[in-house]
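Throughout, read-outs are computed from the coordinates displayed, never taken from laboratory work. All values derive from a computational prediction rather than experimental measurement. Cβ coordinates were reconstructed from backbone atoms using ideal geometry, including for glycine residues, and neighbour counts include every protein chain displayed.
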Amino acid sequence: MKERKAVFALTLLLICIFAGASGQICWKHAMSNMDRINSFDDLLQPKSILSIITDKYILVGLILYASSTFLWLGALSTLDVSFMYPMLSLGYVITAILAFVFLGENVPMVRWVGIALVVAGCFLITRS
């Protein structure tokens, strides 16, 4: 029974990671289609604020992040935070892959090497 709870919590954690990464992609997509914000003053302009809070991709990203937070709390009830929190770094990996695939971002080889090191670190964490 204990193992079953751990598998469920790990599933929640993975969904949480994917939801957070997907939220970032939604936000980047939305912000790439808006006027560039070059200063704090630009950000605080009513036009900018209205554009941001009414964009469907921003709203979807917020829903994904809220869902991720809720799932995170569920997983915290079973797994150690010292295990879970480092595993969130897999979000960097997933975000980079999604940015490459869906946003067409150029990801240089040195960044892929860094991402591979993150994956290796997560593997070591799961071995503990």
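Only one of the listed residues (LYS2, LYS28) is out of contact with any Cys (no Cβ under 7 Å at 6 or more places or on another chain), loosely packed, with under 13 Cβ neighbours inside 10 Å and not β-branched (Val, Ile, Thr). That residue is LYS2. Inspect all residues belonging to segment 10-30 and state whether any of them is free of Cβ contacts under 8 Å to residues at least 60 places away in the same chain, more than 30 Å from CYS122 (Cα to Cα) and either hydroxyl-bearing (Ser, Thr, Tyr) or not in a helix (DSSP H, G or I) (or both). Scanning segment 10-30 turns up no residue that is free of Cβ contacts under 8 Å to residues at least 60 places away in the same chain, more than 30 Å from CYS122 (Cα to Cα) and either hydroxyl-bearing (Ser, Thr, Tyr) or not in a helix (DSSP H, G or I) (or both). Taking the criterion of being surrounded by fewer than 18 Cβ atoms within 10 Å (Cβ to Cβ), free of Cβ contacts under 8 Å to residues at least 60 places away in the same chain and part of a helix (DSSP H, G or I), the residues of segment 71-91 that qualify are LEU73, LEU76, VAL81, SER82, PHE83, TYR85, PRO86. Screening segment 54-75 for residues that are touching a helix residue (DSSP H, G or I) at 6+ places or on another chain (Cβ under 7 Å) and among the hydrophobic types (A, V, I, L, M, F, W, C) and picking the one that is farthest from GLN24 (Cα to Cα) gives ALA75.
Might you let me know whether segment 103-110 holds any residue that is part of a helix (DSSP H, G or I), closer than 19 Å to LEU14 by Cβ and without any contact (Cβ under 8 Å) to a residue 40 or more places away in the chain? Within segment 103-110 (the criterion being part of a helix (DSSP H, G or I), closer than 19 Å to LEU14 by Cβ and without any contact (Cβ under 8 Å) to a residue 40 or more places away in the chain), the answer is no, since none of the residues qualifies. Considered as a group, the residues in segment 31-51 that are among the charged types (D, E, K, R) and part of a helix (DSSP H, G or I) include one that is nearest to LEU64 (Cα to Cα), and that residue is LYS47.
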